[in-house]
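Structure, as structure tokens:
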Amino acid sequence: MPQEKLEKKNNFLTRQKIIFLVGTLAVITIGYLFFSNWQNSSDVIQISNQEINRLPTSAAREIITQPTLERGEADQLSIPDRDINTPIIYIEEVDETIFQEALASGVVHYPGTALPGQFGNPYIFGHSSDYFWKSGNYKEIFKSLIDIPLGTPIRITNHDGELFIYRVVETKIVGPKEVSVLDQNEQQSLLLTLQTSWPVGTALKRYIVIAEMDKIATFGPTP
């Protein structure tokens, strides 16, 4: 009888070990798949080469010749209300590796979209989070962009240091393939779009901030 009880106890412990090992393996597998999906996903809106070619070149855009009221260091973006102050990195090629290298040095201007101060829609993206082991001082630069209030001023300079002031008019969350946010509005508007990954700590979706130029704050009252 004691031998039978011992065998039952050993069988029970064996089953518990098997259940524990299977459960642990399942958790590790799911975690690995989730991590791999996050690691391989882009921080940026995914766009095809055909869609890229439909974006007008910056040289073909209408430029405002009126001087701005203020000037500053060239190629900078700041949102004082959200403690954001960062260089804007300009690249010429749509490539994930180039994106990630540029993001280590600031926020990045999406090639083919308007430049700050031009008619159209400059599209600028930055990290809300990144791997702790990666280099760079801008891994969370756009984290505080989440839930930014409407009306918040965004200060941005162009290559010549001219300062343009935009104000937030809309925020929304979109999927990683929602390319409408890159729309240039037939170069009829003075918009600015900022993008970061959402939820923070993932690259599952994109948090989008759309702003419109405040002409009075930028150029002064119309005579």
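Just to be sure I understand the filter: pairs with C-beta atoms under 9 Å, separated by 6 or more residues or on different chains, first member in the range 167-196 and within 20 Å of Ser144 (Cβ to Cβ), second member at pLDDT below 90 and of a type outside the set (A, V, I, L, M, F, W, C). Which pairs pass?
Gln195/Asp43; Thr196/Asp43
Quick test of your reading of the structure: Glu73 fulfils all but one of (1) farther than 17 Å from Leu182 by Cα; (2) at pLDDT 95 or above; (3) buried (at least 16 other Cβ atoms within 10 Å of the Cβ). Name the failing condition by number.
Tallying (1) farther than 17 Å from Leu182 by Cα; (2) at pLDDT 95 or above; (3) buried (at least 16 other Cβ atoms within 10 Å of the Cβ), Glu73 fails exactly one: (3).
Let me confirm something: among Gly126, Gly161, Gly151, which residue is modelled with pLDDT of 95 or more, surrounded by 21 or more Cβ atoms within 10 Å (Cβ to Cβ) and not acidic (Asp, Glu)? Talk me through it step by step, then tell me what you get.
Details: Gly161 fails: surrounded by 21 or more Cβ atoms within 10 Å (Cβ to Cβ); Gly151 fails: surrounded by 21 or more Cβ atoms within 10 Å (Cβ to Cβ).
After applying the criteria, what remains is Gly126.
Just to be sure before I move on: is Tyr110 of a type in the set (Ser, Thr, Tyr) and crowded, with 23+ Cβ neighbours inside 10 Å in the structure I sent?
On the way: of a type in the set (Ser, Thr, Tyr): yes; crowded, with 23+ Cβ neighbours inside 10 Å: yes.
Yes; evaluated as a whole, the condition is true for this residue.
The values are calculated or read from the model by the stated rules, or taken from the named source; none is laboratory data. Owing to the predicted nature of the structure, the values given are computational and were not obtained by experimental measurement. Backbone-built Cβ (ideal geometry, glycine too); neighbour counts: all protein chains shown.
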